[in-house]
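Structure, as structure tokens:
The values are calculated or read from the model by the stated rules, or taken from the named source; none is laboratory data. From a predicted model like this one, the values you see are computed outputs, not experimental measurements. As a convention, Cβ positions derive from the backbone with ideal geometry for all residues, glycine included, and neighbour counts pool all protein chains shown. The protein model used for the area step is the full one, side chains on, heavy atoms only, and it has no ligands, DNA or RNA in it. Shrake-Rupley method; radii C 1.70, N 1.55, O 1.52, S 1.80 Å.
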Amino acid sequence: MTAYINQEAAAKLDEVFPLAELALKAYGPEFQGELSLLTHSENSTYLVNAFSGQRFVMRVHRAHYHSRTAIESELAWLDALADEGMEVPKAIAGRDGAKVQTISHGHAEKREVVLFHWINGYQPDQSQQESLIQGFRRLGEITAGLHIHARQWQRPHWFERRLWSHDTMVGAHAAWGQWQKAPYLDKPGAAIIGKALDKVRMELNEYGNAADLFGLIHADLRLTNLLVEEEITRIIDFDDCGFSWFMHDLAAAVSFIEHSPCLNEWVGSWINGYSTVLPLSAADHAVIPALITQRRVQLLAWTGTHRGAPQADGLGNIWVVQTIELCEKYLANTLLDCKSIS
């Protein structure tokens, strides 16, 4: 998720910064330096300007979201991807040889901390439609490469990552909260969303979760999570990686912009890129509107649990209206022109 800092978050940062300073001492002398905040969203991320002249990135994990084993599992996948030549973040081991440091300080809750090598690059240009079309095509190609690796990789026996199912995204046990509590949502709108989710659940049950449909995914692979440097494209922010439908990565790719009239073009471009690497079945194509709708409602829940955050509050009432309209299009089978993207 994009960074935000509000009054409550600023207070939490007062607790996190001493933890980050303490965590840096767990690493060798070449990593020592000055810390400055890069982003604060779900995690707190700091730039380390080392006295050696190098730069590093420190991620201080939010409390009670991922276990230490889950974070180590994310890093294990990153290492495996890097071994295959993919450009992904590389974690640094501390003095004790561990890539995850558990730090406690004073009355603050203990946190897990990971230090990464700095990654050069810039986010893909999203200022023009043609740039977006090209960006989504490249995003589709990259995503297919991740899916191939995930299907073939022999995970460690201790591997543990979150399950992104219908229930954990928009159901009673949703990890990001209950969508029904989203701001600006009234009863008629909630009824439309509920009806749409009933249809989503039915379609996903029919689609199934066989091994070629459901597995380890990035789960937040948007253009903002790519860094481009000349001909090299690097993938970042695996914090939400977990087990879900492979096609959920397409739904995640259009997060927050699912209501755009350009949605069909973007989805088509992503599919074109993906299909140059991996074929998609008719069933894969057919389930895309359901997954996009599910993701949009998952983000609606996120706005409810992040009230006070500029990104969530900045979406305003119109975003809820657009979400309801999106659900209405999905119910009417007009969210996407599936023939034009197949």
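Miscellaneous remarks
- Estimated 222 nm signal from helices in the chain, with DSSP H stretches of n ≥ 4 weighted -39500 (n - 2.57), rounded to 500: -14500 deg cm²/dmol
- Loop-exposed GluC sites (Glu not before Pro) per DSSP, neighbour cap 15 Cβ within 10 angstrom, longest uninterrupted part of the chain: 85-229
- Rounded tilt (10° steps) of 310-331 against the dominant C-alpha axis of the chain: 30 degrees
- Think of a 1.4 Å ball rolled over the protein heavy atoms: segment 141-252 then has 44 Å² of accessible area per residue.
- Anchor K110: aspartates and glutamates whose Cα lies under 13 Å away (excluding residues fewer than 8 positions away in-chain): E15
- Debye log10 I(q)/I(0) for segment 129-190, one point scatterer per Cα, at q = 0.14, 0.18, 0.27 Å⁻¹: -0.78, -0.90, -1.03
- M202 accessible area, 1.4 Å probe, all protein chains in place, Å² to nearest 10: 100 Å²
- Out of every Cα-Cα pair that segment 232-313 contains, those further apart than 21 angstrom amount to 37 percent.
- When the charge dipole of the chain is built from unit charges on Cβ atoms (+1 for Lys and Arg, -1 for Asp and Glu) and taken about the Cα centre, the candidate among S165, A144, L226 whose Cα reaches farthest toward its positive end is S165.
- Accessible area per residue was computed with a 1.4 Å probe on protein heavy atoms; I119 scores about 30 Å².
- Rolling a 1.4 Å probe over the protein chains gives R234 an accessible area of about 30 Å².
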